Amino acid sequence: MIHYLIGKLIQKKENHFILEVGGLGLKVFTSINTLKNLSTCADKPVVGGEAKVFTHLHIREDAWDIYGFSNKAELDFFEKLLSVNGVGPKTALNILNVDTAERLMAAINEGRVDLLTKASGIGKKTAERVVVELKGKFAQIGSEGLTGIMEADSDIVDVLCNLGYTREQARQATLKIDPKVKSIEERIKAALKILKS
């Protein structure tokens, strides 16, 4: 199994990036959070520079797909999601695209099925299965605060979409809000400031 890759970041797309390793151009599927983390490294763009990603190799009859993440915690969460019956790599990525791994683990520990159904293509039954099979398997401190922020940010994304921003723009803005900002009103103001900058 390939634990991690270090190589030159050639290109970034919506759900994957190309990493050149030893003369090979590898297509690595990933989450929105990892793509964001690959945007800058030491205050300069990573495209054309070196990147390290932790990987999961998924072998099927018709393909060998590589999934890569900027940190071990996100990879571990991805692999835990894959252990759930009926959750494949694309479904796991869709769940990871909802929020950070830390907040998603908190939501699962609290049994918040409603927050997991925000993922594209994730219905209530799949979300319930994820909660039943993974609840209590993550050590979380202060998870109530994390899910509160996650729930508020979900509402903020909806508000920003109603104001004409894309869901992706809104989601990226909420991820950049200072965690010390707690109230929904202040978080909306902070998100709008980020979007306008």
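The values are calculated or read from the model by the stated rules, or taken from the named source; none is laboratory data. Computed from a predicted structure; not experimentally measured. Note: ideal-geometry Cβ built from the backbone for every residue, glycine included; neighbour counts use all protein chains shown. These area figures cover heavy atoms from the full protein model, side chains too; ligands, DNA and RNA do not enter into them. Shrake-Rupley method; radii C 1.70, N 1.55, O 1.52, S 1.80 Å.
Averaged per residue, what accessible surface does the chain expose to a 1.4 Å probe, in Å²?
Per-residue accessible area for the chain comes out at 54 Å².
Which value, in debye to the nearest 20, describes the size of the charge dipole of the chain about its Cα centre when Lys and Arg Cβ atoms bear +1, Asp and Glu Cβ atoms bear -1, and nothing else is charged?
Here the chain has a charge dipole of around 280 debye.
Project the alpha carbons of the range 66-106 onto their principal axes and report the range along each, largest first, in whole Å.
That works out to 23, 22, 15 Å along the principal axes.
Determine which residues of the range 59-77 fall in the zone a paramagnetic label at K52 would reach in this model, i.e. backbone nitrogen under 17 Å from the point 7 Å along Cα→Cβ.
Residues passing the 17 Å test: 68-76.
Of all the accessible heavy-atom surface of the range 1-135, with the other protein chains kept in place and a 1.4 Å probe, what percent is carbon and sulfur?
50
Quick one: which of K80/K196; K27/K189; K12/K118 span more than 32 angstrom between C-alpha atoms?
From the list (K80/K196; K27/K189; K12/K118), the Cα-Cα distance tops 32 Å for K80/K196; K27/K189.
Which of rounded, prolate, oblate describes the range 1-93, given a ≥ b ≥ c as roots of the alpha-carbon gyration tensor eigenvalues and a/c under 1.5 marking rounded, otherwise prolate only if a/b is larger than b/c?
The shape class here is prolate.
Helix check for the chain. Which DSSP H runs span at least 20 Å along their own axis by Cα, with a mean Kyte-Doolittle hydropathy no less than -1.0?
Numbers: long enough: 143-162 (29 Å, 0.35).
The answer, listed by residue number, is 143-162.
Within the chain, what percent of beta bridges assigned by DSSP are antiparallel, to the nearest 5?
Given both bridge residues lie in the chain, the antiparallel proportion sits at roughly 90 percent.
May I ask for the Rg/Rh ratio of the chain, computed from Cα atoms with Rh as the Kirkwood radius, given to two decimals?
My calculation of the ratio gives 0.97.
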